[in-house]
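Undergrad: After the structure tokens below, expect a handful of questions from me.
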Amino acid sequence: MKTEHNELECMRHSAAHIMAAAVCRLYDNVQLDIGPSTEDGFYYDFDLKDRITPDDFERIEAEMQKIIDENHSFAVKEVSRAEAQEILKGQTYKLERLAEIPEGEKITFYSCGEFQDLCRGPHVESTGKVKAFKLMNVAGSYFHGIETNPMLQRLYGTAFPNPKELRMYLQQIEEAKKRDHRRLAKELDLFSISENVGPGLVHWHPKGARIRTIIEDFWRKEHFKNGYDIVFTPHVGKSNLWETSGHLDFYRDGMYAAMNIDELEYFIKPMNCPFHVEIYKSGLRSYRELPLRWAELGTVYRYEKAGTLHGLFRVRGFTQDDAHIFCTVEQIEDEVKEVIRFCNFIWKTFGFTEVKAYLSTRPEKAVGEEARWDQATKSLEAAIQAEGLPYEVDEGGGAFYGPKIDLKVKDAIGREWQTSTIQFDFNLPERFDLKYIGDDGNAHRPYMVHRALFGSLERFFGILTEHYAGGFPVWLAPEQVRVLPLSDDQLEYADEVLAALRQAEIRATVDKKQGKLNGKVKNAQLDKVPYMLIIGAKEQENGQVAVRHRLRGMKGACSLQEFIAQLKEEELDKRTVEMEVSD
């Protein structure tokens with residue numbers, strides 16, 4: 001039976017064919033490549049003399065609607081390789097795709113009206129089943145993703161079961177543009193990326209660094225409370241370490257070039273795991289020591305192509321909130337349950353209330369004993385069920401070295417983000433020959449679990465910024481309070497208020513600029529400062545402050561100590577703010 005997700009995927013794939021059919025009607029000598037569905041819609045790659053621009057979208061959409069109104073059936077036919085070659089004569093890219101189909105595998109074409117395409121399917125019954133669509137973007141794309149190949153034009157679109165869902169999606173896109181963390185970072189002075197230093201390398205400005213420090217301090221405190229020890233490891237390692245771990249065989253393209261030190265090759269680290277393994281190997285381990293839970297905020301560097309870099313979401317240098325758990329088979333289920341609970345607690349603390357798990361199981365090619373895989377997979381599923389999280393199973397979707405859980409959260413505008421990962425690893429314990437002495441006196445292989453909670457601090461910070469549209473709750477805000485004196489007569493009292501706030505460890509500043517109160521309030525609003533304390537002659541005389549909240553407006557006058565107590569309570573509760581549409 002088709003799931004709702006598969007039905008949407010099928011409809012979007014059909015929309016890609018309709019779009020290709022429309023392009024072939026409107027342009028001459030169109031060379032076709034592929035047109036799959038994607039998570040948010042679909043695309044099709046074309047090679048044609050004319051350059052498609054957004055100005056052409058309306059014309060293409062009109063032709064697509066015409067094809068939909070004609071309600072052509074999606075008909076499938078199986079053909080021989082020779083027949084397929086004849087059908088595709090003159091279609092260079094399609095012929096190459098045909099050659100990639102293994103001998104003996106079924107070759108099928110799908111047609112709708114005069115358009116037919118080499119395709120595995122499936123498709124909807126007819127073009128009329130596509131009810132709501134829109135073209136979104138056009139970009140360049142190398143054939144097969146190889147930079148030495150011809151550049152094609154990739155035309156993106158999206159489709160939904162009905163116009164209402166399409167409108168909601170388009171509204172979400174518009175709201176996402178307003179929340180773009182790159183735009184907000186510039187407006188709020190949070191971080192920057194300098195071309196003089198290099199793309200994908202982040203400079204944290206004082207305000208962004210303040211938020212990051214708060215996040216890190218919370219992270220460390222909670223890890224200690226949950227039985228983890230924190231470790232620190234080097235930024236580089238000798239080549240033999242990366243050979244043993246397998247990174248030089250499987251991940252060399254993502255690593256930076258070697259450095260020659262003392263006639264030996266060293267590599268800057270793309271991952272922290274081999275270093276944690278080396279700490280494990282530094283002494284003889286007993287079952288009485290296990291489980292060992294080691295966490296690190298470890299900065300790593302990975303080569304990413306320039307075209308894939310995107311603000312904080314895709315960078316070349318980032319800090320992973322890595323943890324590795326070494327334990328026995330008897331401990332594994334309880335350990336995984338605790339990791340899931342910990343992850344869920346962290347995400348809800350940061351204001352993400354919708355969390356979903358995705359369980360990936362053993363692929364055809366895998367390392368490690370099948371019994372261990374079964375035990376690990378059952379432990380992962382039991383942990384998800386114990387926490388009561390909704391989940392999906394991706395059969396055969398695990399990495400070759402172990403099953404895993406990915407957690408995804410929904411932000412304030414309904415977008416889903418892949419965040420925490422809990423990954424079993426049967427590969428590194430074998431490669432590094434990890435052992436512990438069991439209660440039987442014999443050597444045993446420990447279970448090893450990788451666990452990234454945020455994934456990376458950079459990406460998490462980007463998600464968090466967009467979730468709150470830059471208006472962070474009090475406990476995270478880099479500037480919690482701004483004191484606004486009405487005139488120079490209140491400057492001395494404003495400094496006294498500031499000193500008291502800072503003594504109470506409240507992050508505060510005074511706006512001493514010349515100007516009217518409305519202008520100062522507006523500036524504080526634009527800087528998304530949660531609280532403003534307005535001080536005039538009356539407040540100074542009574543030893544009070546007039547409190548204004550960024551979203552809720554004026555709250556009235558009170559003593560400074562009363563305000564401090566209320567703010568500290570809000571900070572302690574880690575209370576989230578009202579969600580807003582960004583300015």
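Undergrad: Of the residues in the stretch 191-229, how many are assigned to a strand (DSSP E or B) and surrounded by 14 or more Cβ atoms within 10 Å (Cβ to Cβ)?
TA: 5
Undergrad: Also, I was wondering about something else. Which ones in the stretch 447-488 are hydroxyl-bearing (Ser, Thr, Tyr) and either crowded, with 24+ Cβ neighbours inside 10 Å or more than 12 Å from the chain's Cα centre (by Cα) (or both)?
TA: 447, 465, 468, 487
Undergrad: For the stretch 32-41, check the following and say yes or no: at least one residue is of a type in the set (A, V, I, L, M, F, W, C), in the same structural domain as residue 118 (by TED's automatic domain parsing), more than 22 Å from residue 101 (Cα to Cα) and at pLDDT 95 or above. I'd like the intermediate steps shown before the answer.
TA: Within the stretch 32-41, the first condition is being of a type in the set (A, V, I, L, M, F, W, C), and the residues that meet it are 32, 34.
In the following step, the residues that additionally are in the same structural domain as residue 118 (by TED's automatic domain parsing) were identified as 32, 34.
So of that shortlist, the ones also more than 22 Å from residue 101 (Cα to Cα) come out as none.
There is no residue in the stretch 32-41 that is of a type in the set (A, V, I, L, M, F, W, C), in the same structural domain as residue 118 (by TED's automatic domain parsing), more than 22 Å from residue 101 (Cα to Cα) and at pLDDT 95 or above.
Undergrad: What number goes with the only condition from (1) of a type outside the set (S, T, N, Q); (2) buried (at least 18 other Cβ atoms within 10 Å of the Cβ); (3) assigned to a strand (DSSP E or B) that residue 392 does not pass?
TA: (2)
Undergrad: Quick check on this structure: which one of 185, 176, 257 is touching a Lys or Arg at 6+ places or on another chain (Cβ under 8 Å) and either small (Gly, Ala, Ser) or in a helix (DSSP H, G or I) (or both)?
TA: After ruling out the rest, the residue left standing is 176.
Undergrad: Still on this structure: Cβ-Cβ distance below 9 Å, separation of 6 or more or different chains: which pairs start in the stretch 544-568 with a residue that is on the phi > 0 side of the Ramachandran plot and end on one that is surrounded by 14 or more Cβ atoms within 10 Å (Cβ to Cβ) and hydrophobic (A, V, I, L, M, F, W, C)?
TA: That search, which allows pairs on different chains as well, returns 556/546; 556/547.
Undergrad: Additional query: Does residue 420 fit the bill of being in a helix (DSSP H, G or I) and buried (at least 19 other Cβ atoms within 10 Å of the Cβ)?
TA: It is false that residue 420 is in a helix (DSSP H, G or I) and buried (at least 19 other Cβ atoms within 10 Å of the Cβ).
Undergrad: Within the stretch 116-131, can you find the residues that are buried (at least 19 other Cβ atoms within 10 Å of the Cβ) and either out of contact with any His (no Cβ under 7 Å at 6 or more places or on another chain) or among the β-branched types (Val, Ile, Thr) (or both)?
TA: Result: 118, 119, 124, 127, 130.
Undergrad: Next up: With the requirement that a residue be aliphatic (A, V, I, L, M) and either free of Cβ contacts under 8 Å to residues at least 12 places away in the same chain or touching a Lys or Arg at 6+ places or on another chain (Cβ under 7 Å) (or both), what does the stretch 1-33 give you?
TA: 1, 11, 26, 32 - these are the residues of the stretch 1-33 that are aliphatic (A, V, I, L, M) and either free of Cβ contacts under 8 Å to residues at least 12 places away in the same chain or touching a Lys or Arg at 6+ places or on another chain (Cβ under 7 Å) (or both).
Undergrad: Also: Return the residues of the stretch 1-54 that are part of a helix (DSSP H, G or I) and surrounded by fewer than 21 Cβ atoms within 10 Å (Cβ to Cβ); say none if nothing qualifies.
TA: Within the stretch 1-54, 4, 5, 6, 7, 8, 9, 10, 24, 25, 26, 54 meet the criteria.
Undergrad: Could you tell me whether residue 128 is more than 23 Å from residue 53 (Cβ to Cβ), in contact with a strand residue (DSSP E or B) (Cβ under 9 Å, 6 or more places away or on another chain) and in contact (Cβ under 8 Å) with a residue 24 or more places away in the chain?
TA: Considered against the rule, which asks whether it is more than 23 Å from residue 53 (Cβ to Cβ), in contact with a strand residue (DSSP E or B) (Cβ under 9 Å, 6 or more places away or on another chain) and in contact (Cβ under 8 Å) with a residue 24 or more places away in the chain, residue 128 comes out as no.
Undergrad: Just to check your reading of the model, which residue among 497, 510, 529 is within 30 Å of the chain's Cα centre (by Cα), of a type in the set (A, V, I, L, M) and surrounded by 13 or more Cβ atoms within 10 Å (Cβ to Cβ)?
TA: Exactly one residue qualifies, and that residue is 529.
Undergrad: From 283, 298, grab the single residue that is part of a strand (DSSP E or B) and of a type outside the set (D, E, K, R).
TA: Just one listed residue meets the conditions, 298.
Undergrad: Would the stretch 38-58 turn up any residue that is touching a residue at least 12 places away in the same chain (Cβ under 8 Å) and small (Gly, Ala, Ser)?
TA: Yes, some residue in the stretch 38-58 is touching a residue at least 12 places away in the same chain (Cβ under 8 Å) and small (Gly, Ala, Ser).
Undergrad: Which of the following residues is outside the structural domain of residue 21 (by TED's automatic domain parsing), within 24 Å of the chain's Cα centre (by Cα) and among the small types (Gly, Ala, Ser): 176, 139?
TA: Details: 139 fails: outside the structural domain of residue 21 (by TED's automatic domain parsing).
It is 176.
Undergrad: Given (1) more than 18 Å from residue 463 (Cβ to Cβ); (2) at pLDDT 95 or above; (3) in contact with a Ser or Thr (Cβ under 7 Å, 6 or more places away or on another chain); (4) hydrophobic (A, V, I, L, M, F, W, C), identify the lone condition not met by residue 336.
TA: (2)
Undergrad: Ok, one more. As an exercise: evaluate residue 258 against (1) buried (at least 16 other Cβ atoms within 10 Å of the Cβ); (2) in the same structural domain as residue 399 (by TED's automatic domain parsing) and give the number of the one condition it does not meet.
TA: Here residue 258 meets the rest and fails (2).
The values are calculated or read from the model by the stated rules, or taken from the named source; none is laboratory data. As the structure is a computational prediction, the values presented were derived from the model and not from experiment. Ideal geometry is used to build each Cβ from the backbone, glycine not excepted, and the neighbour counts take in all protein chains shown.
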